[in-house]
Amino acid sequence: MQLPGTMKPLVLLAFAFLLFVHPVAAGPIITGQADIVDGDTLSIRGRSARVRLYGIDTPEGQQTCDDAASKRYLCGARAAEALADLIGRNGRVTCQEQDRDRYGRVVAVCQANGREINAEMVLQGWALEYKQYSDGRYAKAEAEARTAKRGLWAGQFVEPWDWRRGKRLSSEASTGSDRKCAIKGNISGSDKIYHLPGSRSYAKTVIDEASGERWFCSEDEAKAAGWRAPRG
């Protein structure tokens, strides 16, 4: 049916209103028990594809930053611990898929314990808004964390995307044995056990390199050196 010219703008306006009220549905919902891979990545039990938290970026596992006292620390590991704390011992998350990245990971906004963990990681200062891939929704949370000097903002750090391109703080410039990776290789009696960032015993495990304990950059490296994952 041919509409009168005066009615066409009204029809288009009504159609736009319907799109606003009923937006195009996002991707599927994923629920399950989550294990921490790093500060912005989860592994959902029973699913092969990992979940990358939408719109945020955290320091890499072996990345170090300077705290408020200019003391060097493993900020990538600390971000992973913050994510583990948000998810809690229950470990259950609900994620809404937004996209898939080039590595086949599900890019999602996730909820745990009644909170959106993407936003909380930024608000606590352990994640930055990933402006290249976000829609600006975490800009306010990042500004608040920066002003309050929370997490990374308490000291000095290199943005994760620049760190991956090789940029380093002056405190990271050394290349000797003081450069530590994020996986803790603990020795307990005759057992050599490695602990991943965010795992149950990670935070309380202290590494004594003088006694033969050490840091690893990957699980494969730890296993090749004779360390095993914790049981249970």
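Quick one: which of Lys71/Lys140; Lys167/Lys204; Lys184/Lys223 span more than 23 angstrom between C-alpha atoms?
Correct reply: Lys71/Lys140; Lys167/Lys204.
Would you mind telling me the share, in percent, of accessible area of the range 88-193 contributed by carbon and sulfur at probe 1.4 angstrom?
In the range 88-193, the share of accessible area belonging to carbon and sulfur is 45 percent.
How high is the FRET efficiency from Asn113 to Arg228, r the C-beta distance, R0 41 Å, rounded to 0.05?
Computed FRET efficiency for Asn113 and Arg228: 0.85.
For a quick check of your reading of the filter: which trypsin sites (Lys or Arg not before Pro) in the range 98-142 sit in a DSSP loop and have no more than 10 other Cβ atoms within 10 Å?
Passing both the DSSP loop test and the Cβ count: Arg102.
Using a Förster distance of 30 Å, how high is the FRET efficiency between Ile187 and Asp85, based on the Cβ-Cβ distance and rounded to 0.05?
0.65
Under a crude label model (7 Å from the Cα following the beta-carbon direction), how far is Arg92 from Lys71 in nanometres?
Using points 7 Å along Cα→Cβ, the separation is 3.9 nm.
Measuring with a 1.4 Å probe in the full set of protein chains, what accessible area per residue, in whole Å², belongs to the range 37-82?
Accessible surface, normalised per residue, equals 38 Å².
Evaluate the distance, in nm, between pseudo-label points positioned 7 Å from the Cα of Arg150 and of Lys167 along their respective Cα→Cβ axes.
Roughly 2.4 nm, to one decimal.
Using a 1.4 angstrom probe on the protein heavy atoms only, line up Leu128, Leu169 by accessible area, largest first.
Descending accessible area places them as Leu169, Leu128.
Restricting to DSSP loop positions (anything but H, G, I, E, B) with no more than 14 other Cβ atoms inside 10 Å of their own Cβ, which GluC sites (Glu not before Pro) remain in the range 131-172?
Here no GluC sites (Glu not before Pro) fit, given the DSSP loop and packing criteria.
Let a ≥ b ≥ c be the square roots of the eigenvalues of the Cα gyration tensor of the range 63-207; is it rounded (a/c under 1.5), or, if not, prolate (a/b larger than b/c) or oblate?
Because a/c hits 1.5 or more and a/b fails to exceed b/c, the range 63-207 counts as oblate.
Compute the FRET efficiency between Thr31 and Arg137 as 1/(1 + (r/R0)^6), taking r as their Cβ-Cβ distance and R0 = 22 Å, and round to the nearest 0.05.
Here the calculated transfer efficiency is 0.50.
Using modelled amide H (1.01 Å from N, peptide plane; none on Pro or chain starts), what sits under 5 Å from the amide H of Arg105, excluding residues fewer than 5 places away?
Distant-sequence amide H within range of Arg105: zero hits.
Along the range 97-104, what does the Karplus equation 6.51 cos²θ - 1.76 cosθ + 1.60 (θ = phi - 60°) give for ³J(HN,Hα), rounded to whole Hz, x for Gly and Pro?
5, 10, 5, 10, 8, 5, 8, x
Considering amide H positions built from the backbone, and no H for Pro or chain starts, which residues 5 or more places from Cys95, or on another chain, come under 5 Å of its amide H?
Correct list: Ile30, Thr31, Gln111.
Mind checking the range 35-90 for trypsin sites (Lys or Arg not before Pro) that DSSP puts in a loop (not H, G, I, E or B) and that have at most 11 other Cβ atoms within 10 Å?
Loop-located and lightly packed - Arg45, Lys71, Arg89.
The values are calculated or read from the model by the stated rules, or taken from the named source; none is laboratory data. On a predicted model such as this, the values are computed, not experimentally measured, just so you know. All Cβ positions, glycine included, derive from the backbone under ideal geometry; neighbour counts span all protein chains shown. With ligands, DNA and RNA removed, areas are computed over all heavy atoms of the protein, side chains included. Shrake-Rupley method; radii C 1.70, N 1.55, O 1.52, S 1.80 Å.
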